[in-house]
Structure formats: C-alpha cells, structure tokens
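Since the structure comes first, as structure tokens, the remarks are kept for the end.
Bear in mind these aren't lab numbers, they're just calculated from the coordinates by the rules spelled out. Predicted, not measured: the structure shown is a model, and the values here were computed from it. Note that each Cβ is placed from the backbone with ideal geometry, even for glycine, and that neighbours are counted across all protein chains shown.
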Amino acid sequence: MRRGAVAVTIVWVLAAGCGAQTGAQTGAQTGAQTGAQTGAQTGARTPAPPAPPAVANANGVDMCTILTDPELTALGARLDSRTSFNKAGVVGCRWQGKSFTLSLERDNATLAGYQAHRQDPKFFNFMDNMVNGRAGAHFGVDPRGSQCAQLIDGGSVSLSVSVAVPANVSPPPIDPCAEALRIAQMVEPRLPKAAK
C-alpha cells in the first residue's frame with residue numbers, strides 16, 4: 001500500500017511539474033525570497049526535523065521465538081520447516097509457507113549501517129520508513145521483486161523480517177514488501193523500549 005501511495009505522489013509531482021513549471025518556479029522564488037527576507041529580519045532559522053525516537057538495545061532479542069507458534073501458523077508458516085542459522089553476525093530462523101519463505105533475524109549491522117549503503121547494487125529500491133513509529137527501512141534483495149527485507153532499528157543491532165515468494169509465479173501470491181512490513185508491525189511492540 002505504501003508503494004502505491006508513493007507512486008501516486010510521484011506521478012502527481014511529475015504532472016504538476018510539467019504542467020505548471022513557470023508558476024512553480026515563480027512561487028518557489030517568491031517563497032524563497034520571502035522566507036529568506038523574513039528569516040534575515042527576525043534572525044529565525046528553520047528548525048531541524050525531529051530526531052527518531054531513542055530505542056533500547058535489542059541485541060538480546062531472540063527473533064526465532066518473538067512470534068508465537070499460533071501467530072506463525074496464522075501467517076501461513078509451517079512450524080515443522082523451521083531452520084535456525086547463525087552466520088557472520090546474523091542470527092535467526094527461517095520458515096517455509098505455502099506461498100512464501102519467512103525469515104526473522106537479528107544482525108550485528110545497525111540500521112544506520114544499512115542506510116549508509118543504500119546505493120549498494122545488491123539492494124533494490126532501498127527506502128527509509130517507520131514501523132509503528134520506530135525507524136526502519138525496506139529494500140528488495142532480488143531485482144524481480146520476489147524478496148523484500150524490512151529492517152527495524154534495534155539500537156546496536158538491526159532486526160529484519162524478510163519475505164520471499166517464488167520468482168517464477170506471476171502474479172506473485174503476495175507483495176513481499178507489504179507482507180514484511182505487516183509482520184514487522186507484529187514484531188515491533190515486543191522489542192525493548194528506551195527508558196524515558
């Protein structure tokens with residue numbers, strides 16, 4: 001759903017930009033001049049955007065047990081297909097479902113570390129987002145759009161929900177990015193919260 005809203009916004013901006021370039025330029029110039037004059041006269045500066053909320057360190061979170069067996073079953077995961085892994089700082093579990101593979105993992109790389117590499121060619125359509133008000137990002141792992149990873153800020157670690165669908169099925173049974181975000185929204189309330 002978020003990708004659709006983004007696409008609509010992009011189309012609207014392009015259409016508005018093509019149809020009203022002179023008006024947009026004039027409006028932008030006038031607004032910039034007025035803002036600069038007002039700012040210079042009052043000494044005011046535009047406030048910086050708010051920092052994302054602080055998060056507690058999630059390096060002790062067990063992503064293999066963060067969702068209950070009934071929740072995994074309701075998502076369509078087969079409980080008997082669970083495979084645990086612990087490779088190169090990535091710890092988690094993977095389940096097969098009827099129409100997808102689900103991976104839940106904790107990674108020693110932080111969200112900021114991933115964001116710094118958003119231009120890496122192994123990431124497709126890298127986009128920052130929020131998961132229930134917590135900073136996150138999602139990206140495709142396959143250029144055909146058959147796998148998507150949703151990251152969640154875990155302080156000194158990142159937490160990931162990855163959904164992969166068969167690449168040879170058209171149309172795909174689910175949108176992997178939308179499903180990864182939906183599952184991440186189930187996981188996020190169970191993560192440690194920062195002290196207030």
Mean separation of Cα contacts under 8 Å, 6 or more apart, over the residue count of the stretch 84-162: relative contact order %: 28 percent
Calculated FRET efficiency for the pair Ala195/Ala167, C-beta based, R₀ 45 Å, to 0.05: 0.55
Residue-span extension gain [Ala112 to Asn57] - 0.36 nm each, minus C-alpha spacing: 18.4 nm
Compactness of the stretch 69-190 - radius of gyration and Dmax, Cα, Å: 13.7, 39
Estimated distance in nm for a label pair at Asp69 and Lys87, the labels positioned 7 Å out from Cα along Cα-to-Cβ: 2.8 nm
Residue order, fewest to most surrounding Cβ atoms within 10 angstrom, among Phe126, Phe139: Phe126, Phe139
